[in-house]
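To start, the structure itself, in structure tokens.
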Amino acid sequence: MTSTGTARPGTAAPGTPPARTPQAHSPQAHTPPGRGQSDTAPGGAGPAAAAWDLPAQPRAAARARDLTARTLRGWHVTDPDDTADIVLMVGELVTNAVVHGTGPVHLALRLDAGPAGPLLTAEVSDADPAAPTGPAAPPPVLDWAEAGRGLLLVAALATDHGARPSPPGKTVWFTRRTAPPAPGTPATAP
């Protein structure tokens, strides 16, 4: 979505799997105009995907958290731990992109069904090609400051995570295996 909240035609969904795919986005899944997400194909085949462009402003993280929480609800990802952790990680990566990156921030979410359960992939892209620096070794005395903990939180809460070049910038991503939806509940919104 653009900063006004409308979808951008031709916005691609995240690539699968992020660790093995050099592109930031898959050409086969697009966000339809006028919507913030593209749902699964009829009958539940295929992944659910959503993508938005956010301005590189301090409130972008709050907007990203709200969009993520709404999208997860629509996809019936209802486990409170999964939702809280995913929303937190998205907020941290968007904050890092705003503070340390350049240009607009692109947020893309994808939910894939799999034999081990649903797998959520989140990707945050910006126009700065500099790779993020990982969390440093813990200091001798614990520093409970909130700043500088984003990648440490992602490393602790994600199933997998990483970063890759995504010309002209980079994409930082994570995956999170989620609890399956309750019996009788579709995996994604209709």
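The values are calculated or read from the model by the stated rules, or taken from the named source; none is laboratory data. Being a predicted model, the structure only gives us computed values, none of them experimental. As a convention, Cβ positions derive from the backbone with ideal geometry for all residues, glycine included, and neighbour counts pool all protein chains shown. Side chains are part of the model used for accessible areas, which takes the heavy atoms of the whole protein and leaves out ligands, DNA and RNA. Shrake-Rupley method; radii C 1.70, N 1.55, O 1.52, S 1.80 Å.
Any residue in the stretch 156-173 that is farther than 19 Å from Thr83 by Cβ and at pLDDT 95 or above sitting within a Cβ distance under 6 Å of a residue that is open to solvent by 80 Å² or more (accessible area, probe 1.4 Å) and not hydroxyl-bearing (Ser, Thr, Tyr)? List the pairs, counting only those 6 or more apart or interchain.
As it stands, the answer is Gly169/Pro129; Lys170/Pro129, since those pairs meet every condition given.
Kindly evaluate Leu111 against the criterion of being touching a Pro at 6+ places or on another chain (Cβ under 7 Å), modelled with pLDDT of 95 or more and within 18 Å of Thr178 (Cα to Cα).
yes
Can you name the residue in the stretch 52-65 that is within 14 Å of Ala122 (Cα to Cα) and either in contact with a strand residue (DSSP E or B) (Cβ under 8 Å, 6 or more places away or on another chain) or free of Cβ contacts under 8 Å to residues at least 12 places away in the same chain (or both) and is also most open to solvent (accessible area, probe 1.4 Å) among such residues?
Out of the qualifying residues, it is Asp53.
Could you identify the single residue in Gly148, Gly117, Gly134 that is under 20 Å from Arg65 (Cβ atoms) and either at pLDDT below 95 or part of a helix (DSSP H, G or I) (or both)?
Selected residue: Gly148, the only one of Gly148, Gly117, Gly134 that is under 20 Å from Arg65 (Cβ atoms) and either at pLDDT below 95 or part of a helix (DSSP H, G or I) (or both).
Within the stretch 66-104, count every residue that is open to solvent by less than 40 Å² (accessible area, probe 1.4 Å), β-branched (Val, Ile, Thr) and assigned to a helix (DSSP H, G or I).
Counting residues in the stretch 66-104 that are open to solvent by less than 40 Å² (accessible area, probe 1.4 Å), β-branched (Val, Ile, Thr) and assigned to a helix (DSSP H, G or I) gives 8.
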